[in-house]
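The values are calculated or read from the model by the stated rules, or taken from the named source; none is laboratory data. As the structure is a computational prediction, the values presented were derived from the model and not from experiment. Virtual Cβ from ideal backbone geometry, glycine too; neighbours counted across all protein chains shown.
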Amino acid sequence: MANVVQIAVPKSNSSIAVPTGLFIDNEFVPSVDSKETIKVFNPATESVLCEITAASEKDIDVAVASSRKAFRTTWGKNVTGVERSRLINKLADLIERDAQTLAELESLNNGKPVKVARDFDIGDSVGCLRYYAGWADKITGESIEIDRKTKVAITHPEPIGVCGQIIPWNYPIQMWAWKVAPALAVGCTIVMKPSEITPLTALKLSELVKEAGFPPGVLNTVPSLGSVGGAALSLHKDVDKVAFTGSTITGRKIMEAAAKSNLKKVSLELGGKSPHIVFESADIDQAANWAALGILYNTGQDCTAGSRLYVQDTIYDKFLAVLAGKAKELIIGDGFDEKSGGGPVVSKGQYDRVWNYIEAGKKAGARVVCGGEKRSTPGYYVDATIFADITADMKIVQEEIFGPVLSVGKFHTEDEAIALANDTTYGLAAGLHSTDAAQCHRVSEALEAGTIWINQYNLLYNNVPFGGKKQSGIGRELGRNALDEYISVKAVHWNYGEKLDWPL
Amino acid sequence: MSTTTFYHEFNTPGYKGKVSFPTGVFINGKFSAGGDRTTIDVINPTNGKVITKVAEGTPADVDRAVKAAKRAFHESWGLSVPGAERGKLLARLADLMDEHFNELAALEALDNGKTYSWARAADLPLSVGTIRYYAGWADKIHGQVIETSEDKLAYTRHEPFGVVGQIIPWNFPLTMMSMKLGPALATGNAIVLKPSEFTPLTALRMCSLINEAGFPPGTVNVVVGYGHTVGVAISEHMLIDKVSFTGSTLVGRKIMEAAAKSNLKNVTLELGGKSPNIIFNDAELESAVKWASHGIFYNHGQACSAGSRIFVQSGIYDSFLKAFTEKALSLKLGDPFDTDSYQGPQVSQAQYDRIMDYIDSGKKQGAKVHVGGERHGNEGYWIQPTIFTETKPEMRIVQEEIFGPVGVVIKFEDEADVLRQANDTLYGLAAAVFTNDITRGIQFAHKLEAGTVWVNCVNHMHPNVPFGGYKQSGVGRELGEYALNNYTNVKAVHVNLGHTI
């Protein structure tokens, strides 16, 4: 029997009970062969929240076997779309019921403000589950005319099978929902490895999966180090598909492991260095608002962060001044402080990483417009930092920083802007601001990114597909497209009348 | 303007409970008296007595309803409400229907005469399931983006029509309402709905649930009235952009004519049928008998898709007829609220008279009453399950839709001949084939001129599988994704981004 720890909620007398075991077959259990634990931190205070069980390679085996059994007996083709819909809707209802508690836990572990976690992360996650619940009984195949006299050709969209899902720490609950919802709607079973940095809400959500009534093994949760659990899932011979969101470097390893093991299907949502272009016809104040959102939302820890900003030379100085003002208005502070619009970065590791980039930017000669100085108080805080007068070869311009650090450059012509924007191995998102409709169309056509925002940034919807071009990913999440990532099409050719002449 | 209200206490073996709800004309979220302040008697088909009086809607009420619907469509509904929110309201309505499951089933049984058991086993699950199914579609109404040239953006939108008129029958009142409301609301339309004047109670109960679910006032308006007044007003209305009707082929023609003469409103029709049920020698006999019985006696034969012409191949004819007769005789006719009743009364005096008239014509034209053919009991509208044999194709009971528990059993030998006979009808709603030879089953399914073909089953429907008629059985499809097309108008948007002339 594994433990439950009580985690105190700041500014209140309450605490949140968090199970610390591995969630397999609808029970929290210890590791079968290991005593390893993972320390879970509060990035606002730098202190340990608790320790949880770390899954070993053997535990992954157990989890996969459990999900395989469920797929063969109580899930997969053994459950109707209507029933899957009902269960996913029930899960959504439970998450909505517990939104405040989940938001507090998310904030304690990840650092984001409680109100943002509750109203945005969790609100959108509930919507995501309900959206895919609606699809569960609407996944149709086709009947296709071939030879009308004697044959019928039909396609069955079948669930792929047992899916390993590996999610990151920047939106723990929301990334969980984006993965879980379409996979369950289609009828797949899941072995979920949350980030070892932010495993707590995934464990709490596992309680709700059981409460909603999902059969044991449909969703197993195995927090572990990427090098252990992530590797084990991607190499596993009995996992049919792996879905990963995280860094491009790790994405490569996952794909390599998939190829070397059993050629399991792979979908990847990786990094970005998304360009944000402001043309001279843009509404400057609005564009500055969106640009600030684009780099500061979630303290810049967003794969779609608009981290390279290119401003047309005719408005460059004016825009930069307005933007710097906007950046300073955001209060980055403790997640339980009502005034906070953003929190600390998630961990010591990330904190060091981001500061290394800031130092590199200074060394390379970029001009610091605002920020760039460490705080002296506890917590992994990084304040909004804007670099101007950048050149394409700078590290801060080429590499994904994953913090509230913006690089601002200048362009003269539209073609130059497009060339600068596309000059990256990434292709996740891009934004542009212009009141010239033809320009908006031309530029959005030319930009090499999976999501283009025109006169806005960052806003996603559960029913619109999302994913990367180039090295930002393979496959799409959200929208109807996400279902295809979990479907394997079987074509059935039914001969009901043709007789074959032999020999040919 | 105060409203009529229905108070009733159920004290039956099947259901006990009190109901109380307004039964006025429901416009803009409020109940009121009808325009002429007249009422319609709702009759209990078990004894011909008045259950209650409901407000009678008039053409003036239809006008008011259309105005309310138009305003709701422009101000508080339509595409200004995101699909996810429309879906949420529909899901809430389904939840409320679930909460009042037994009450709705009891009202349906009381008003229509079907048994409380069947209402719970079939009508309610299909009704709730249909609303829940369309709740899931609401935020998934996609248009297309179409490649044309570099300097143009071309895309389509699937926009709601606006105000749609819906006219539903009395055989499955709540299910028919759900089949109409679901896709229309999911796609963003506002509705003026006329329930059958014979069976308005569940529709009126739904109005209160629609308010409770949170639909903006005017989104759904319900006007109980007569076909020749309210029905005509809807089909002729110049501000209603689309009418959807389920009922007889005769009335369906009138609706289409009125639509053509008024404003060419879009029309979908679900009409009658004389559906063939073909049973081959190699059919699994016991199963075929059960399904054949379900095909014609389910809902007292008051189903548009009833398998009313039963073709039986000569090799099993005698054994089939024997077993089918036993089955028919085993069906228990009784009070709708007795837990062991299979069949209640027909819905009304008029229907009773119609069916008995057909039975008479069968007898007069020389067909043999193999079983049944008489009234059951001496009050209310019960008719015995009836089987005719030794019929000729030109007989009225073979050609015309009876809409009662009256089946004709016809012997056949040759495949080509039975296919010809099965298709030899103006109707084309459904058909069924019973055979162990799946090759033959599929071949027949493909050759039968019907919108639904059942192989080794009959009258078995699902919210996500489309349903509708070939030939004079209808225009358009309900249920499934296909129904969404009935309620959306395609707009193609061409944005010129550089093409000069």
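Against the definition (outside the structural domain of B:N266 (by TED's automatic domain parsing), under 28 Å from the mean Cα position of the chain (by Cα) and surrounded by fewer than 20 Cβ atoms within 10 Å (Cβ to Cβ)), how does B:N459 come out, yes or no? Answer is no for this residue.
Could you list all residues from the stretch A:445-463 that are loosely packed, with under 13 Cβ neighbours inside 10 Å and either acidic (D, E) or within 27 Å of A:I190 (Cα to Cα) (or both)? Let's see the steps before the verdict.
Taking the stretch A:445-463 first, the residues loosely packed, with under 13 Cβ neighbours inside 10 Å are A:445, A:459.
Within the stretch A:445-463, A:E445 is the sole residue that qualifies.
A single entry from A:I396, A:I418 fulfils the requirement of being assigned by TED's automatic domain parsing to the domain that holds A:T314, assigned to a helix (DSSP H, G or I) and within 26 Å of the chain's Cα centre (by Cα): A:I396.
In this structure, does B:I355 turn out to be assigned to a strand (DSSP E or B) and surrounded by 15 or more Cβ atoms within 10 Å (Cβ to Cβ)?
no
Is it the case that the stretch A:108-125 has a residue that's in contact with a helix residue (DSSP H, G or I) (Cβ under 7 Å, 6 or more places away or on another chain), within 14 Å of chain B (Cβ to nearest Cβ) and within 19 Å of A:K204 (Cβ to Cβ)? Looking through the stretch A:108-125, at least one residue is in contact with a helix residue (DSSP H, G or I) (Cβ under 7 Å, 6 or more places away or on another chain), within 14 Å of chain B (Cβ to nearest Cβ) and within 19 Å of A:K204 (Cβ to Cβ). Listed conditions (1) surrounded by fewer than 17 Cβ atoms within 10 Å (Cβ to Cβ); (2) within 13 Å of chain B (Cβ to nearest Cβ); (3) of a type in the set (D, E, K, R); (4) in contact (Cβ under 8 Å) with a residue 60 or more places away in the chain are all met by A:K499, apart from (4).
Would you check if A:A55 is crowded, with 20+ Cβ neighbours inside 10 Å, touching a residue at least 24 places away in the same chain (Cβ under 8 Å) and on the phi < 0 side of the Ramachandran plot? Yes, satisfied. Meeting the requirement of 2 or more residues that are touching a Pro at 6+ places or on another chain (Cβ under 7 Å), the helices (runs of 4 or more DSSP H) wholly within the stretch B:230-301 are B:285-297. Whenever a residue of the stretch B:356-370 is in the same structural domain as B:H300 (by TED's automatic domain parsing) and within 15 Å of B:E401 (Cβ to Cβ), its partners that are in a helix (DSSP H, G or I) and basic (K, R), lying with C-beta atoms within less than 8 angstrom and at least six residues away or across chains, give the pairs B:Y358/B:R396; B:S361/B:R396; B:G362/B:R396.
Which count do you get for residues in the stretch A:201-229 that are of a type in the set (A, V, I, L, M, F, W, C) and crowded, with 22+ Cβ neighbours inside 10 Å?
8
Checking each residue in the stretch B:114-157 for being touching a residue at least 24 places away in the same chain (Cβ under 8 Å), charged (D, E, K, R) and more than 14 Å from chain A (Cβ to nearest Cβ) picks out B:K114, B:D123, B:R157. Confirm whether B:T58 is closer than 22 Å to B:G231 by Cα, buried (at least 16 other Cβ atoms within 10 Å of the Cβ) and more than 14 Å from chain A (Cβ to nearest Cβ). Judged against the criteria, B:T58 is a match. Number of residues in the stretch B:181-201 that are assigned to a loop (DSSP other than H, G, I, E, B) and under 17 Å from B:L93 (Cβ atoms) equals 4. Restricting attention to the stretch B:426-453, the residues being more than 14 Å from chain A (Cβ to nearest Cβ), touching a residue at least 60 places away in the same chain (Cβ under 8 Å) and either assigned to a loop (DSSP other than H, G, I, E, B) or closer than 22 Å to A:D137 by Cα (or both) number 7.
Of all the listed residues (A:D436, A:D423), the sole one being surrounded by fewer than 20 Cβ atoms within 10 Å (Cβ to Cβ), out of contact with any His (no Cβ under 7 Å at 6 or more places or on another chain) and within 14 Å of another protein chain (Cβ to nearest Cβ) is A:D436.
Taken over the stretch A:447-478, the criterion of being of a type in the set (A, V, I, L, M) and away from chain B (no Cβ under 11 Å) is satisfied by A:L447, A:A449, A:I452, A:I454, A:L459, A:L460, A:I474, A:L478. Using the structure shown, decide if A:K11 is in the same structural domain as A:G187 (by TED's automatic domain parsing) and assigned to a loop (DSSP other than H, G, I, E, B). Here the answer is no, as A:K11 does not meet what is asked. As for the stretch B:168-183, it holds at least one residue that is on the phi < 0 side of the Ramachandran plot, small (G, A, S) and touching a Pro at 6+ places or on another chain (Cβ under 9 Å).
Listed by position, the strands (runs of 3 or more DSSP E) inside the stretch A:122-200 whose residues that are surrounded by fewer than 24 Cβ atoms within 10 Å (Cβ to Cβ) and in contact with a Phe, Trp or Tyr (Cβ under 6 Å, 6 or more places away or on another chain) number at least 1 are A:151-159. Give me the residue from the stretch B:462-478 that is in a helix (DSSP H, G or I) and surrounded by 18 or more Cβ atoms within 10 Å (Cβ to Cβ) and, out of that set, nearest to the other protein chains (Cβ to nearest Cβ). Across the stretch B:462-478, the extreme among qualifying residues is B:S473.
The condition of being within 14 Å of chain B (Cβ to nearest Cβ), crowded, with 20+ Cβ neighbours inside 10 Å and either closer than 27 Å to B:G143 by Cβ or touching a helix residue (DSSP H, G or I) at 6+ places or on another chain (Cβ under 8 Å) (or both) does not hold for A:N481. Looking across the stretch A:143-172, the residues that are within 21 Å of B:P463 (Cα to Cα) and away from every other protein chain (no Cβ under 12 Å) come down to A:T155, A:H156, A:P157, A:E158. I'd like to verify a number: residues in the stretch A:128-153 that are out of contact with any helix residue (DSSP H, G or I) (no Cβ under 6 Å at 6 or more places or on another chain) and touching a residue at least 40 places away in the same chain (Cβ under 8 Å), how many? Result for the stretch A:128-153: 11. Screening A:A291, A:A321 for residues that are modelled with pLDDT of 95 or more, of a type in the set (G, A, S), surrounded by 18 or more Cβ atoms within 10 Å (Cβ to Cβ) and not assigned by TED's automatic domain parsing to the domain that holds A:G246 leaves exactly one candidate, A:A291.
Applying the criterion of being away from every other protein chain (no Cβ under 14 Å) and without any contact (Cβ under 8 Å) to a residue 24 or more places away in the chain to the residues of the stretch A:74-100, the residue that is farthest from A:P182 (Cα to Cα) is A:Q100.
For the structure I just gave you, tell me whether A:G468 is touching a residue at least 12 places away in the same chain (Cβ under 8 Å) and within 16 Å of A:C163 (Cβ to Cβ).
When the stated conditions are applied, A:G468 does not pass them.
When you scan the stretch B:399-408, do you find a residue that is assigned to a loop (DSSP other than H, G, I, E, B), in contact (Cβ under 8 Å) with a residue 12 or more places away in the chain, more than 27 Å from B:Q472 (Cα to Cα) and not assigned by TED's automatic domain parsing to the domain that holds B:G48, even just one? Scanning the stretch B:399-408, I find no residue that is assigned to a loop (DSSP other than H, G, I, E, B), in contact (Cβ under 8 Å) with a residue 12 or more places away in the chain, more than 27 Å from B:Q472 (Cα to Cα) and not assigned by TED's automatic domain parsing to the domain that holds B:G48, so the answer is no.
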